[in-house]
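Let me begin by presenting the structure, written as structure tokens, before commenting on it.
Just so you know, all these numbers are worked out from the coordinates, no wet-lab data involved. Keep in mind that what you see is a predicted model, and the values were worked out from it rather than measured. Quick reminder, even Gly has a Cβ in these numbers, built from the backbone with ideal geometry, and neighbours come from all protein chains shown.
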Amino acid sequence: MKRRLLLLLLPVGFLGLALFFYHGLSLDPSQRDSALMAREFPAFEATTLRDEAQQVDQSLLKGEVTLVNVWGEWCPACKQEMPQLLELADHDIRMIGVNYRDTREKGLEFLSEFGDPFETNIFDPEGALGFDLGVYGAPETFLVDADGVIRYHHKGYVSPEDVRERILPEVEKWR
Amino acid sequence: MFIKLIPEIGHFALIIALLMAMVQAVMPLAGAATRRPLWMAYGQPMAAGQFLFIAIAYACLTASYMLDDFSVANVANNSNSLLPWYYKFSAVWGNHEGSVLLWSLMLAGWGFAASLFTGNLPRDMVARVMGVMGMVCVGFLLFILITSNPFERLLPDMPQDGADLNPLLQDFGLVVHPPMLYMGYVGFSVVFAFAIAALMGGRLDAAWTRWARPWTNLAWAFLTVGIALGSWWAYYELGWGGWWFWDPVENASLLPWLTGTALVHSLAVTEKRGSFKSWTVLLAISTFSLSLMGTFLVRSGVLTSVHAFANDPARGFFILMLLAITVTLSLLVFALRAPRVSHKVGFNWLSRDALLLVNNIFLVIMTVTVLLGTVYPLILDSLGLGKISVGPPYFNALFVPLTVVMCIFMGLGSVTRWKSMAARDLLRKLWLAGVAALVLGVLMPLLYRGEWNLFVSLGIVSALWIVLPMVRDVFDKTRHASSFVAGVRKLSLSYWGMVLGHIGVAVTIVGVAVVSNYNIERNVRMSPGTTVDVAGYQFSMRELTERRGPNFLADTSIIEVQRGDSGSRFIMRPEKRLYLATGMPMTQVALRPGLFRDLYVAMGEDLGDGSWAMRVQYKPFVRWLWLGALLMASGGLLAVLDKRYRRAAVHSSASSMKSNSDTPREATA
């Protein structure tokens with residue numbers, strides 16, 4: 001009899017695991033997306049793309065919901081997603097760019113050619129901020145809430161559908 | 001007009017298959033319970049019909065892809081008119097709905113095959129096996145029809161063109177990796193069905209294991225190849241040269257492989273010696289359950305992974321229910337019907353029986369280790385204790401030592417006799433191999449690289465310790481034959497399968513140890529004219545060009561490689577592609593494969609000023625990883641081909657009848 005009871009622990013134990021799985025289903029997948037999710041935007045000190053003398057740091061990202069887009073002139077997908085970023089800026093969303101592993105000259109050329117949806121561009125020629133953000137490549141887009149906490153992370157090209165179905169709803173959610 | 005109806009025909013065929021599966025799930029089991037031969041006989045024809053109709057549905061979906069029918073949502077989301085035809089063909093299983101359909105097709109295929117080769121199995125046993133297979137099929141067909149219909153239409157607003165197949169999946173590796181993997185996963189359903197049928201019928205003797213062994217070996221061989229293909233694909237496609245990431249989905253395929261390996265060995269003990277009966281049944285249940293759990297983890301998006309399919313909570317919920325019902329019911333049946341008193345079959349601690357038990361224990365510990373590492377983040381998250389990810393350090397720290405210790409027992413186990421063996425005999429057989437393994441293992445890294453490395457030595461010692469005693473054993477076994485060839489012929493295919501499988505493990509271990517420790521990687525900035533020296537090879541960039549593929553634009557570097565000053569020259573062409581429909585950039589690695597080393601060049605990013613960040617790697621022995629897996633799988637196949645299983649058809653049904661009447665049926669009493 002004892003052995004049977006012991007064996008009955010098997011299905012019971014499995015059901016316990018299944019409960020965790022069940023709970024896992026209801027967790028928000030976007031929250032598991034990045035190691036930085038729900039953390040503060042990493043601290044940084046940098047100059048802006050347009051002005052070598054202007055210093056900016058993480059306080060730049062506080063006070064308002066902001067989209068941070070990591071881009072570079074060398075990245076073809078960044079060129080393709082500019083129309084979508086301009087559209088987002090038209091929705092009165094504050095946009096900050098991170099000019100990633102680029103030169104000032106090329107970065108400014110890019111903005112004059114493809115448009116500039118950004119309020120400010122953080123100049124990150126060595127990729128130091130990109131590294132802290134865990135960026136794999138460009139483009140990547142982060143949503144930072146008014147407290148400077150990362151709430152959403154989009155890897156790669158932002159398509160028009162992504163704007164409608166993911167980014168705008170996320171912005172609404174955190175506003 | 002017929003062509004326009006193809007998706008509906010497919011959908012309809014699936015519904016018919018479901019109805020047949022339902023009949024197959026109910027009638028044979030009811031027949032076995034009430035002793036009605038006619039009901040029991042429903043199983044085999046239903047299995048055939050169900051396979052036929054799922055095949056029709058599958059053909060219809062493939063036709064929709066080939067004909068670019070973008071009114072079918074599945075096609076519109078995963079294909080594109082520019083996609084080459086072979087990727088249209090494989091795109092069918094490059095998405096959730098299509099892959100579940102492929103999975104079901106294979107499940108029905110295994111069921112059909114099992115129904116053909118029942119030979120002289122007792123009629124009620126066949127009926128129960130068919131019934132269990134039918135139930136599993138009902139579950140998956142319901143899953144498709146309710147949550148994942150691949151034939152859903154986008155009407156009347158059908159798109160002009162499709163969204164394209166994920167560029168990562170446009171590759172030969174992906175054409176073959178999932179089908180192999182699924183064949184393995186699904187193949188374990190046969191041994192699962194046998195185990196449950198044996199429990200239900202109270203026929204927990206050694207006979208069912210003889211029937212189940214070839215099926216298990218075959219499924220295991222498929223799974224082995226499937227995992228190896230996945231690793232190979234990740235290696236050349238993802239662009240950073242890794243071959244195993246301990247990603248949750250990789251782990252999900254490794255778990256049933258580990259228990260499946262344990263099962264292959266424990267089935268051997270049960271068949272030959274009649275011991276470990278309950279344990280074997282439990283392993284059969286666990287292996288298939290872990291296959292199902294893998295499916296759940298991949299499809300539900302519960303764990304973050306590079307493989308994640310589109311996440312849909314409804315699907316996750318359905319599969320979780322399927323998993324919970326299957327596993328709980330089978331474990332319940334096991335708890336209630338496993339023999340109360342195991343039939344004691346004595347064996348000495350120095351015997352193959354005991355060593356295989358140790359092997360099983362180690363494999364189970366490894367399974368639990370990987371399972372814990374995989375679900376731990378999820379459990380912590382559920383309990384609100386924070387989000388963590390368990391990375392390679394955890395897995396490597398536990399998996400590597402466990403493997404080394406297991407190798408020690410593997411070397412002993414393959415040459416030990418059943419039941420008992422005198423320590424002196426064993427020592428006589430092994431001492432030379434042991435000394436040789438130690439000496440060669442310690443010396444080889446020095447000879448190869450000139451610097452000693454503990455892990456490489458450990459790997460080589462383990463590998464030699466597996467291989468050398470077996471070599472000696474083969475000589476011992478063939479010594480008394482008139483000639484070596486005659487001796488080799490006398491040994492059974494199962495024996496050669498075991499030898500080949502174990503050599504495969506050794507080869508993989510050497511590959512892992514060497515490439516993990518002697519890999520050379522250089523990240524360099526290159527522009528036309530730059531030369532980089534890596535491991536004695538000079539990589540010179542000749543030029544940068546652009547080219548247009550069928551559905552992408554690519555920057556290509558032409559790299560000329562020369563070994564030393566005098567060696568032959570050859571050209572490598574890594575690419576950075578931009579896929580037009582999805583806008584996704586992709587790295588196309590240039591590889592120069594070799595048995596003892598791979599050269600690996602990948603383009604990173606354009607640094608402006610005409611230069612690129614390039615990753616150049618020298619990967620010694622990396623091919624051995626997959627070569628070993630192929631050897632293991634061939635070993636499994638050889639064992640399947642053993643004559644014994646064909647002769648056994650007549651032989652064992654007699655013995656199973658006999659043992660049935662001899663042994664009291666504790667379980668059913």
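Counting only other chain Cβ atoms within 10 Å of each residue's Cβ, the peptide B:580-587 averages 3.
Counting Cβ atoms of other protein chains within 10 Å of each Cβ in B:282-293 and taking the mean gives 1. With bins 10 Å wide beginning at 0, the percent of Cα pairs of chain B falling in each bin runs 3, 14, 23, 24, 20, 12, 4, 1, 0. Dipole magnitude for segment B:558-621: about 300 debye, using +1 per Lys or Arg Cβ and -1 per Asp or Glu Cβ, origin at the Cα centre. Against chain A, whose longest principal axis is taken from its Cα atoms, helix A:2-26 shows a tilt of about 20°.
Ordering B:Gly487, B:Met106, B:Leu454 by the projection of their Cα atoms onto the charge dipole of chain B, which places +1 on the Cβ of Lys and Arg and -1 on the Cβ of Asp and Glu, puts B:Gly487 at the extreme positive end.
State log₁₀ I(q)/I(0) for the protein assembly as shown at q = 0.06 Å⁻¹ as given by the Debye formula over alpha-carbon point scatterers of equal weight, solvent excluded. Treating every Cα as an identical point scatterer, log10 I(q)/I(0) equals -0.46.
Give the lysines whose C-alpha is closer than 30 Å to that of A:Lys173, dropping any in the same chain fewer than 8 places away, or say none. Cross-link targets: A:Lys62, A:Lys79, A:Lys155, B:Lys387. Averaged over the residues of B:368-379, the number of partner chain Cβ atoms lying within 10 Å of the residue Cβ comes to 2. Fewest neighbouring Cβ atoms within 10 Å first, the residues A:Lys79, A:Lys2, B:Lys4, B:Lys88 line up as A:Lys2, B:Lys4, A:Lys79, B:Lys88. Listed by chain and number, the lysines placed with their C-alpha closer than 30 angstrom to that of A:Lys2 are B:Lys272, B:Lys277, B:Lys344, B:Lys419; residues fewer than eight positions away on the same chain are left out.
Using a simple charge model, +1 on the beta-carbon of Lys and Arg, -1 on the beta-carbon of Asp and Glu, nothing else, what dipole does the protein assembly as shown show about its Cα centre, in debye to the nearest 20?
Values: 70 positive and 67 negative charges, 1389 e Å.
Using only the charged Cβ atoms, the result is roughly 6680 debye.
Taking other C-beta atoms within 10 angstrom as a stand-in for reagent exposure, A:His23, B:His480 fall in the order B:His480, A:His23, fewest first.
Each Lys and Arg Cβ is given +1 and each Asp and Glu Cβ -1; about its Cα centre, segment A:30-174 then shows a dipole of about 380 debye. Axis of helix A:76-90 versus longest Cα principal axis of chain A: the two differ by about 90°, to the nearest ten degrees.
Provide the gained length on full extension for the span B:Arg573 to B:Phe317, in nm with one decimal, where the gain is 0.36 nm per separating residue minus the Cα-Cα distance.
Extra length available between B:Arg573 and B:Phe317 comes to 87.6 nm.
Computed from the Cα positions only, the extents of segment A:30-174 along the three principal axes stand at 36, 30, 26 Å, in decreasing order. Centre-to-centre separation between the Cα atoms of segment B:42-75 and those of segment B:479-546: 40 Å. Restricting the calculation to Cα atoms, segment B:496-545 yields a radius of gyration followed by a Dmax of 18.5, 53 Å. When the helices of chain B are scored as -39500 (n - 2.57) per DSSP H run of n ≥ 4 and the total is divided over every residue, the value at 222 nm lands at -22500 deg cm²/dmol. Take every pair of alpha-carbon atoms less than 8 Å apart whose residues are at least six positions apart; their mean separation over the length of chain B yields a relative contact order of 12 percent. Electrostatic bookkeeping for B:Phe347 treats Lys and Arg as +1 and Asp and Glu as -1; over the other residues with beta carbon under 9 Å from its beta carbon, the sum is +2. Residues B:Glu271, A:Glu52 in ascending order of nearby Cβ atoms (within 10 Å, fewest first): A:Glu52, B:Glu271.
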